[in-house]
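First up is the structure itself, then whatever we jot down about it.
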């Protein structure tokens, strides 16, 4: 039986990242609105934080959510061996099968 393409729990990481990015975007719009330099403002119904300091608090909270979620994902992937399988799919035992099929004169992996 084939392994699933996405490991269990990976969808949870994607959902948390999507929520964090949405929070960062909406609080970023409020930070943008607080600047007197720009003439355009986003509607207040689409922003998060209410004022500059509140928007910054939401923005940094979402940033830490992304950091913690990313660290948890990397740690879990290292422990389960997913990174090794995804980043280095070719194993040494496969090289002999490849080298037998290479035409003469091609560089062979040793």
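Scanning region 54-110 for residues that are assigned to a loop (DSSP other than H, G, I, E, B) and modelled with pLDDT of 80 or more turns up just one, 81. Considering region 7-16, the residues that are under 14 Å from the mean Cα position of the chain (by Cα) and over 12 Å from residue 72 (Cα atoms) include one that is modelled with the highest pLDDT, namely 15. Only residues that are under 18 Å from residue 21 (Cα atoms) and not in a helix (DSSP H, G or I): list them for region 36-49, please. Those that are under 18 Å from residue 21 (Cα atoms) and not in a helix (DSSP H, G or I): 42, 47, 48, 49.
The values are calculated or read from the model by the stated rules, or taken from the named source; none is laboratory data. Since we're looking at a predicted model, the values are computed, not measured.
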